[in-house]
Amino acid sequence: MELFNSESKKIISDPINVNNPISLQVLGICSALAVTIRLDQAIIMTLAVIFVLCSSNVILSLIREYIPARVRIVIMLSVIASLVSVVDELLKAYLYDMSKQLSVFVGLIITNCIIMGRAEAFALKNSPSKAFLDGLGNGFGYGLIIIIVSFFRELFGAGTITLPDGGAGYVLWSIPESWYAAGYENIGLLVLSPGAFIILGLVIWAQREMAGIEEEA
């Protein structure tokens, strides 16, 4: 299979555009709400999910013919849990502050419906190359939504834009003090759970409109 033929492009682009795992399949909502308070958290979570998705898809695709149907869920969980442990240890070693901020949410990647769903629906039925591209597409689709949500939550809720830097985060931009002196106020609701639902709801609506998805009456 050519790496970038039409089928490969479709495998990558569909989860980003017309079949996004969050905005169209409504999967992985819990982590999407939990790690979108700051942009740097969303970026690191995206990279972690992409790594686990691509790696688990490839591994499971390689051994799919040797997995008994009765224990496939156990094997999938074992593979995914091992990869999540690798991610967790890497974060503790190189991004300790970020590891503390994400804490339990990295571990919950193990039970993320997106990863389990792609393993079951795609990786166990396709070649490793296709499985890798599927993981890449779904990882980017997941990351696109949580990065957009976190950008608006942090910008309008805290007045900053923070990028990962190996420590507590690098503040790329913050609202000038002159704005606050002129009467500007941050929207505190956006850093709370209701604010996350509002922004995510707007993003889901926009994505569905762009994809031309119509709900059945």
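The values are calculated or read from the model by the stated rules, or taken from the named source; none is laboratory data. Quick caveat, the model's predicted, so the values are computed rather than measured. In this analysis, Cβ positions are derived from the backbone assuming ideal geometry, glycine residues included, and neighbour counts consider all displayed protein chains.
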Within region 27-66, tally of residues that are surrounded by fewer than 16 Cβ atoms within 10 Å (Cβ to Cβ) and over 24 Å from Ser99 (Cβ atoms)
4
Which residue out of Leu83, Leu108, Leu102 is at pLDDT 95 or above, surrounded by 14 or more Cβ atoms within 10 Å (Cβ to Cβ), in contact with a helix residue (DSSP H, G or I) (Cβ under 9 Å, 6 or more places away or on another chain) and closer than 23 Å to Ile43 by Cα?
Leu83
Would you check which residues across region 136-163 are touching a Phe, Trp or Tyr at 6+ places or on another chain (Cβ under 9 Å) and either more than 14 Å from Gly28 (Cβ to Cβ) or free of Cβ contacts under 8 Å to residues at least 40 places away in the same chain (or both) and list them?
Leu155, Gly159, Thr160, Ile161, Thr162, Leu163
Checking Ala182 against (1) in contact with a helix residue (DSSP H, G or I) (Cβ under 9 Å, 6 or more places away or on another chain); (2) more than 30 Å from Ser78 (Cβ to Cβ): exactly one of these is not met. Which one?
(1)
Does region 143-166 contain at least one residue that is surrounded by fewer than 16 Cβ atoms within 10 Å (Cβ to Cβ), of a type in the set (Gly, Ala, Ser) and out of contact with any Asp or Glu (no Cβ under 7 Å at 6 or more places or on another chain)?
yes
With the condition kept exactly as written, say whether any residue in region 151-164 is of a type in the set (A, V, I, L, M), at pLDDT 90 or above, in a helix (DSSP H, G or I) and within 30 Å of Leu91 (Cα to Cα).
yes
Here are some conditions: (1) within 20 Å of Leu47 (Cα to Cα); (2) more than 19 Å from the chain's Cα centre (by Cα); (3) free of Cβ contacts under 8 Å to residues at least 12 places away in the same chain. Asp97 meets all but one. Which one does it not meet?
(3)
Going by the conditions given, is Trp205 under 23 Å from Ile22 (Cα atoms) and in a helix (DSSP H, G or I)?
yes
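So that you can scan it fast, the table gives a plain yes or no per residue for (1) within 26 Å of Thr162 (Cβ to Cβ); (2) of a type outside the set (Gly, Ala, Ser); (3) touching a strand residue (DSSP E or B) at 6+ places or on another chain (Cβ under 7 Å):
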{"site": "Asn19", "(1), (2), (3)": "no, yes, no"}
{"site": "Gly28", "(1), (2), (3)": "yes, no, no"}
{"site": "Ala34", "(1), (2), (3)": "yes, no, no"}
{"site": "Ala42", "(1), (2), (3)": "yes, no, no"}
{"site": "Met45", "(1), (2), (3)": "yes, yes, no"}
{"site": "Ile73", "(1), (2), (3)": "no, yes, no"}
{"site": "Leu77", "(1), (2), (3)": "no, yes, no"}
{"site": "Glu89", "(1), (2), (3)": "yes, yes, no"}
{"site": "Asp97", "(1), (2), (3)": "yes, yes, no"}
